[in-house]
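The values are calculated or read from the model by the stated rules, or taken from the named source; none is laboratory data. What you are looking at is a predicted structure, and each value in this text was computed from that prediction instead of being measured. So basically every Cβ, Gly included, is an ideal-geometry build from the backbone, and we count neighbours across all protein chains shown.
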Amino acid sequence: VATSQAEGLRQRLDVQGRFCRTGLRPAYKYSLPKILWLKEQAPSLLDGAVWLGAADYIVYRLCGAFATDYSLAGRTYAFCIDSKKWDVEALDLLGATEDLFPTAFPSGTTSGYAAPGYEALGLLPGTPVAIAGHDHICALFAAEVLGGMHETPVFDSIGTAESLTGVIPARPLGEADFQSGFAYGIYSRPDCFYWLGGLSASGGTIEWLRAILGEPPLSYAELDALLDSRPDVPTGIVYFPYLAGSGSPHSDSRVRAAFTGLSASHTRADLYRAVLEGTALETEFMRRAAERVTGAPIERILASGGGTRNRRWMQIKADVFGCPLDVLAQKEATLLGAALLAGLGCGVYPTLQSAVARLGGCGLERFEPDADRHAGYEDLYARGYLPLQDALREFGGWGIEPV
């Protein structure tokens with residue numbers, strides 16, 4: 001609902017200047033455009049109000065504190081990641097003061113202690129309450145710890161939506177960062193930023209296809225059987241997975257999904273594999289953008305999330321990337337990362353190193369790329385995915401909404 005407000009911000013503000021402070025570009029999903037929309041509906045709505053995200057609200061209910069963490073504050077488009085303060089320019093736009101937003105703390109900081117009345121949830125009075133942060137960033141932190149902190153991984157979090165994210169040293173953001181198209185924010189470790197690219201309809205595309213290929217929707221076993229019915233080679237079809245628009249690093253809420261390269265000989269099996277390939281090609285775009293912004297090759301990707309249960313998809317991803325994809329045996333990386341950050345914040349783990357030692361390692365399932373399939377996907381990326389982007393975005397569905 002806040003698309004027009006985001007566009008208004010784009011026209012009124014120095015977009016690049018604000019990016020260098022916030023790590024973000026204007027988008028409807030961030031808090032600032034949403035608050036502007038609410039204010040247009042009811043101008044007095046913000047009087048005496050405090051803007052809380054879902055995690056912030058839970059903390060408020062548990063212990064009465066108005067608090068957030070840096071990684072979530074950084075998703076509002078109203079928080080300066082360079083100074084770690086709420087942005088005066090954003091507050092002026094709202095006609096508000098800093099009281100509109102909660103105090104922001106490092107991830108995992110104890111915000112307060114649970115009040116009586118939550119024993120049925122297993123929370124005794126006095127239990128420390130903390131905000132661990134953005135879900136994908138918590139998962140990335142868990143991946144670092146599970147790896148013994150020997151490397152800073154590039155992490156693919158795969159579910160209904162998907163994100164590719166990694167860590168860079170905290171530094172002033174500049175032209176190259178802006179041109180990368182990524183979102184940036186404050187990471188869970190001191191003196192670090194994260195970069196993040198996203199796809200809103202990744203596993204969600206598979207759910208959509210299941211529903212339209214069969215009634216009732218095809219089971220996952222039936223989807224696997226479809227893949228068994230065709231050769232294990234690229235389809236030659238390019239699927240653009242923009243059912244809900246495209247995310248960073250080439251954000252566009254208006255662009256829509258498309259198949260191209262279809263013929264009368266293609267089957268349901270081809271369409272399903274094309275969907276798996278198309279989502280992987282989109283992540284490959286993020287991977288290449290990340291190599292440019294970090295100046296380093298990405299030779300391995302770690303993955304976790306519900307989508308990793310689809311082993312055929314993981315193999316296609318490795319074939320597209322041309323590098324190994326390692327799937328964490330730990331299936332709840334986000335929850336683990338949140339628990340680790342809260343444990344560090346309240347002293348369960350006195351140091352990060354003690355958390356690493358306490359946790360031990362984690363098993364991995366490795367998917368190695370096949371050279372022949374990778375060459376086929378390189379060709380599909382270069383001759384289909386990239387050159388058709390401009391035409392697809394120019395079309396943008398012509399503003400037609402489904403009836």
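Some notes on this structure:
- Going through (1) under 23 Å from the mean Cα position of the chain (by Cα); (2) closer than 17 Å to Tyr30 by Cα one by one, Glu89 falls short only on (1).
- One residue alone among Gly245, Gly306, Gly278 is touching a strand residue (DSSP E or B) at 6+ places or on another chain (Cβ under 9 Å), in the same structural domain as His374 (by TED's automatic domain parsing) and on the phi > 0 side of the Ramachandran plot, and that residue is Gly245.
- Unique residue being among the hydrophobic types (A, V, I, L, M, F, W, C), surrounded by 18 or more Cβ atoms within 10 Å (Cβ to Cβ) and on the phi < 0 side of the Ramachandran plot when the list is Ala176, Ala264, Ala257: Ala257
- Residues within region 96-114 that are farther than 15 Å from Ser31 by Cα and free of Cβ contacts under 8 Å to residues at least 24 places away in the same chain, tallied: 1
- When the criteria are applied in full, His150 meets the requirement of being more than 20 Å from the chain's Cα centre (by Cα) and closer than 26 Å to Leu336 by Cβ.
- For Ser253, the requirement of being polar (S, T, N, Q), under 30 Å from Val167 (Cβ atoms) and modelled with pLDDT under 95 is met.
- Selection status of Ala42, touching a Ser or Thr at 6+ places or on another chain (Cβ under 8 Å), among the hydrophobic types (A, V, I, L, M, F, W, C) and not assigned by TED's automatic domain parsing to the domain that holds Gly174: no
- Looking across region 219-242, the residues that are closer than 20 Å to Glu378 by Cα and either of a type outside the set (Asp, Glu) or not assigned by TED's automatic domain parsing to the domain that holds Val275 (or both) come down to Pro231, Val233, Pro234, Thr235, Gly236, Ile237, Val238, Tyr239, Phe240, Pro241.
- Among the candidates Ala274, Ala357, Ala296, residue that is small (Gly, Ala, Ser) and either touching a residue at least 60 places away in the same chain (Cβ under 8 Å) or buried (at least 17 other Cβ atoms within 10 Å of the Cβ) (or both): Ala274
- Of the strands (runs of 3 or more DSSP E) contained entirely in region 152-237, those carrying at least 1 residues that are over 19 Å from Arg18 (Cα atoms) and of a type outside the set (Lys, Arg) fall at 155-158, 162-169, 192-199.
- Unmet requirement for Ala143, which otherwise passes all of (1) buried (at least 24 other Cβ atoms within 10 Å of the Cβ); (2) farther than 19 Å from Thr68 by Cα; (3) at pLDDT 95 or above: (3)
- Scanning region 144-176 for residues being touching a Ser or Thr at 6+ places or on another chain (Cβ under 7 Å) and among the hydrophobic types (A, V, I, L, M, F, W, C) gives a total of 6.
- When Lys84 is tested against (1) buried (at least 18 other Cβ atoms within 10 Å of the Cβ); (2) modelled with pLDDT of 95 or more, just one condition goes unmet, and that condition is (1).
- Of residues in region 332-354 being of a type in the set (Gly, Ala, Ser) and more than 18 Å from Leu164 (Cα to Cα), the one surrounded by the most Cβ atoms within 10 Å (Cβ to Cβ): Ala338
- Test result for Ala329, of a type outside the set (Ser, Thr, Tyr), in the same structural domain as Ala280 (by TED's automatic domain parsing), out of contact with any Leu (no Cβ under 7 Å at 6 or more places or on another chain) and surrounded by 11 or more Cβ atoms within 10 Å (Cβ to Cβ): no
- Of the residues Asp319, Asp326, the single one that is touching a residue at least 40 places away in the same chain (Cβ under 8 Å) and touching a strand residue (DSSP E or B) at 6+ places or on another chain (Cβ under 6 Å) is Asp326.
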